[in-house]
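The values are calculated or read from the model by the stated rules, or taken from the named source; none is laboratory data. Nothing here was measured: the structure is a model prediction, and the numbers come from that model. Cβ placement follows ideal geometry from the backbone for every residue including glycine, while neighbour counts extend to all protein chains displayed.
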Amino acid sequence: MRRYIWVTLAFTLLAVPAGYAYVHWAKSGPGAGLYSREWKPEALHAYWDPDRFYQSPQILQGEFKGEECIVCHSAVTPGIVNDWRASRHADPGQGKQTVYCSACHGSNHQALHMPTPKVCAQCHENRVAQFMDEKRYGFPSHALAMERAVDAKHFADKPKAEVAACLQCHSVATKCDSCHTRHRFSAAEARRPESCVTCHSGPPHPDDDSYFASAHGKKYLAEAARQDWSKPLAKGNYAVPTCAYCHMHEGRHQVADKTIWKFGLLEVNPNTSGNEVRRAAWVKVCSDCHEAGWSAQQLKGLDSERKQAWVKLYRAEHLLKDLRGDNLLHPGPRERPPYPMDAMEKFLPRARIGYYDGQASAFYNTSPIERDYFEMWYFANLGAYKSAAHGDAAAVGHWHAAMDQSLANMEARAKALRAQGEAEKKSLGRRADPGRLWLDGEYTMHNREHN
């Protein structure tokens, strides 16, 4: 017994540092993230992840004061200078010093840098600290968005044209100008929903559709022009709540701290002590305009919608698991071309089913019925959640009808697959071998040659 204990202990003592060493090695390539050795940055990565990839232009030598930057760039990039002149940086007031270009970019023209959160923290320490604090809540969060992208296998697997657009939004983790656009860095601009829906739109996260179709969104569209957006996000300052008012209450740069249902991605117990704290925080925000009791009832309505959604999703998952167990998925895991980064799939191919694996259906080869599940979970399910969370009751019904239709389609497809399996077993005594039907093709060959 002692021998086994010592062997286990020795293995652990060797495995842990070896694991850390491997991760360090994996992240030391020309790219970024766990697969940095498998890809190289394009020119635009310098602006999406400037701390890692930005290199100062070498067209001019010397060190310059801020005033000198303005003189030169008034001729070279007048639009940028005009934006800066209209910013608080140019006119901070109350006896504060002007924040010139050199404060954010440096004064040495051969060693310029971009204003990343580290740079912004020199003056906005509390806001950046609140933003970085999101990391303790895990995914999804703004602070971990870039890590989420580059640490995914499909980021290195897929053609660059397919994943480049991801970083347009995921770069919110590595630069503040995703919300406070350069060079005005206007807080008033960032307080408006349009700043958020630049990224929070589209099938996976239809925040824009659900918000603008809600009573809040309609009131915003009617009254936005009369609102003074220079006011802080505090009680009594706004006639209608916006994304920032609710999710960044009183200006806190933290949007991951009040997630009751993990943004609709996970089934959770809504009555845990942690969720009770978050519910109280939401009721407090809503109580700026509504009665506390009414606000609490709205959260219970959201709970009801989530419970209905997960009943449907679990039915779909069980359907797929039964098919997988009976080897009835077409094409099966062994009949699909593995991606370059999927070394384990070459030896232990498996069907991706459920939350943790099912989302991979957006990026990897799957059978049609698995893709049906993914679209049900990632599109219709999240559409229903966002609609319920933002108060768009009509869309809740629409998305749940879509989930019902998806489930009905999956059940019909599963019935056909079982009938096909029975016919194959009766005629061949086994599942039919499709050969290389799904293993080759124009897209697959392109992927092999160019990734």
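Things worth noting here:
- Helices (runs of 4 or more DSSP H) wholly inside region 1-112 that include at least 2 residues being crowded, with 16+ Cβ neighbours inside 10 Å: 45-48, 50-53, 66-76, 78-85, 101-105
- Condition met for ALA360 (assigned to a helix (DSSP H, G or I), small (Gly, Ala, Ser) and modelled with pLDDT under 95): yes
- Put simply, of ALA402, ALA384, ALA394 the only residue that is in a helix (DSSP H, G or I), touching a residue at least 40 places away in the same chain (Cβ under 8 Å) and surrounded by 14 or more Cβ atoms within 10 Å (Cβ to Cβ) is ALA384.
- Contact annotation: residue pairs with Cβ atoms under 9 Å, 6 or more positions apart or on different chains, pairing a residue in region 422-451 that is farther than 30 Å from MET341 by Cα and charged (D, E, K, R) with a partner that is loosely packed, with under 12 Cβ neighbours inside 10 Å and modelled with pLDDT of 75 or more, are GLU424/ARG430.
Conditions (1) surrounded by 15 or more Cβ atoms within 10 Å (Cβ to Cβ); (2) not hydroxyl-bearing (Ser, Thr, Tyr), marked per residue:
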residue: ASP288; (1), (2): yes, yes
residue: GLN298; (1), (2): yes, yes
residue: ARG306; (1), (2): yes, yes
residue: TYR314; (1), (2): no, no
residue: GLU317; (1), (2): yes, yes
residue: LEU320; (1), (2): yes, yes
residue: GLY325; (1), (2): no, yes
residue: PRO331; (1), (2): yes, yes
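- Taking (1) of a type outside the set (Gly, Ala, Ser); (2) closer than 24 Å to ASP208 by Cα; (3) part of a loop (DSSP other than H, G, I, E, B) in turn, GLN298 satisfies each apart from (3).
- ALA156 being of a type outside the set (Val, Ile, Thr), at pLDDT 95 or above and either surrounded by 19 or more Cβ atoms within 10 Å (Cβ to Cβ) or under 16 Å from VAL255 (Cα atoms) (or both): no
- Helices (runs of 4 or more DSSP H) contained in region 116-200 and holding at least 1 residues within 16 Å of the chain's Cα centre (by Cα), in contact (Cβ under 8 Å) with a residue 24 or more places away in the chain and not assigned by TED's automatic domain parsing to the domain that holds MET445: 125-132, 145-150, 153-157, 160-170, 193-197
- Among the residues of region 405-421, those identified as among the polar types (S, T, N, Q) and free of Cβ contacts under 8 Å to residues at least 60 places away in the same chain are GLN405, ASN409.
- Odd one out for GLY93, checked against (1) farther than 19 Å from HIS180 by Cβ; (2) modelled with pLDDT under 95: (1)
- Filter result for VAL23 (among the aliphatic types (A, V, I, L, M), more than 30 Å from PRO340 (Cβ to Cβ) and free of Cβ contacts under 8 Å to residues at least 24 places away in the same chain): no
- THR174 being at pLDDT 90 or above and either within 27 Å of SER36 (Cβ to Cβ) or not β-branched (Val, Ile, Thr) (or both): yes
- Evaluated against (1) acidic (Asp, Glu); (2) closer than 22 Å to CYS104 by Cβ; (3) touching a Lys or Arg at 6+ places or on another chain (Cβ under 9 Å), ASP207 falls short on exactly one condition, (2).
- Residue in region 345-354 that is in contact with a Pro (Cβ under 8 Å, 6 or more places away or on another chain), surrounded by 14 or more Cβ atoms within 10 Å (Cβ to Cβ) and among the aliphatic types (A, V, I, L, M) present: yes
- Between ALA281, ALA309, the distinction of being at pLDDT 90 or above, closer than 30 Å to ALA188 by Cβ and not assigned by TED's automatic domain parsing to the domain that holds PRO140 belongs to ALA281 only.
- In region 127-138, the residues that are at pLDDT 95 or above and surrounded by fewer than 14 Cβ atoms within 10 Å (Cβ to Cβ): ALA129
- Scanning region 203-228 for residues that are surrounded by 13 or more Cβ atoms within 10 Å (Cβ to Cβ), more than 27 Å from the chain's Cα centre (by Cα) and not polar (S, T, N, Q) yields LYS219, ALA224.
To keep it simple, each residue is scored yes or no on (1) of a type outside the set (D, E, K, R); (2) closer than 16 Å to HIS205 by Cβ.
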| residue | (1), (2) |
| --- | --- |
| GLY138 | yes, no |
| GLU147 | no, no |
| VAL150 | yes, no |
| PHE155 | yes, no |
| LYS158 | no, no |
| ALA161 | yes, no |
| ALA165 | yes, yes |
| HIS170 | yes, yes |
